[in-house]
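Here the structure is laid out as structure tokens; the discussion comes afterwards.
Here, each number is a calculation from the coordinates, and none is a lab measurement. Being a predicted model, the structure only gives us computed values, none of them experimental. Using ideal geometry, Cβ is built from the backbone for each residue, glycine included, and neighbour counts are taken over all protein chains shown.
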Amino acid sequence: MNIQGHAALVTGGGSGLGEATARELARLGAKVAVLDVNLENAQRVAQDIGGMAIQCDVTSAQSMEAAVAQAAQAHGGARILMQIAGIGSAKRVVGKDGNAAPLEDFVKVINVNLIGTYNAARVFAAACAKLDPMQDGERGVMVFTASVAAFDGQVGQQAYSASKAGVAGMTLPMARDLAQHGIRVCTIAPGLFATPLLRTLPEPVQASLAASIPFPARLGKPEEFAELAAHIVSNGHLNGEVIRLDGALRMAPR
């Protein structure tokens, strides 16, 4: 699909990997709707790229449906979904106090990262399936965000790893499911990236993390994630695949 002129939705587009992706899609000529639970961040990015900002909670069916409808009113039906909204978590099953980890923490991460991804996908797909097919019968593309933690999660990452493994595991069956509608589905599993969240860590910790990456021995750039996301859209034969973007990193246990 040629990105130029098409409407795109970017969840989590107000910061980090989502912001970089929204900017890259706009640079390539897409009409971008920046969806984020933080409206102020979404507005900042949308103003910079000439897009629109929509406050959206991916865990809410009503919020997601309203966001897709609002974007369609302004830009027309979206053919591109970048599902990047997500949260992190690190909690040992049994804490230092000997107590079990709160169940609510696990549920929250699963709700945002896994159920939120499915919610965004189902609402987008239902609307996209009604659009006229383009070349090769294609109607649209969805790109999800997993993590290398889906495959080699570290101590304390039970909730995060489970949520991202769920996203990875959902990719192929969803691509097969939506093939009849001409909608492709791929997932990117990033490693250690220089996002605002990671930048809050002390410099020595950031340097240590960067040194653990075989090559290049540095943190990934959000722009590199965005470039891959855009390539997935433009490469019509990429479908049902989970792509690691990690500099050959394999996470240690801790």
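For an R0 of 35 angstrom, estimate the FRET efficiency from the Cβ-Cβ distance between Val94 and Leu172 and round to the nearest 0.05.
0.55
Mean Kyte-Doolittle hydropathy of 0.0 or higher plus an axial Cα length of 20 Å or more: which whole DSSP H helices in the chain meet both?
Helices passing the filter in the chain: 61-75, 158-178.
Pull up the cross-link candidates among the lysines for Lys31, meaning alpha carbon to alpha carbon under 20 Å and not fewer than 8 places away within one chain.
Answer for Lys31, where 20 Å is the Cα cut-off: Lys130, listed by chain and number.
Would you mind ranking Ile87, Ile3 by Cβ crowding within 10 Å, fewest neighbours first?
Ile87, Ile3
Counting other C-beta atoms within 10 Å, which of His6, His237, His231, His181 has the fewest, and how do the rest follow?
Taking fewest neighbouring Cβ atoms as first place, the list is His237, His231, His181, His6.
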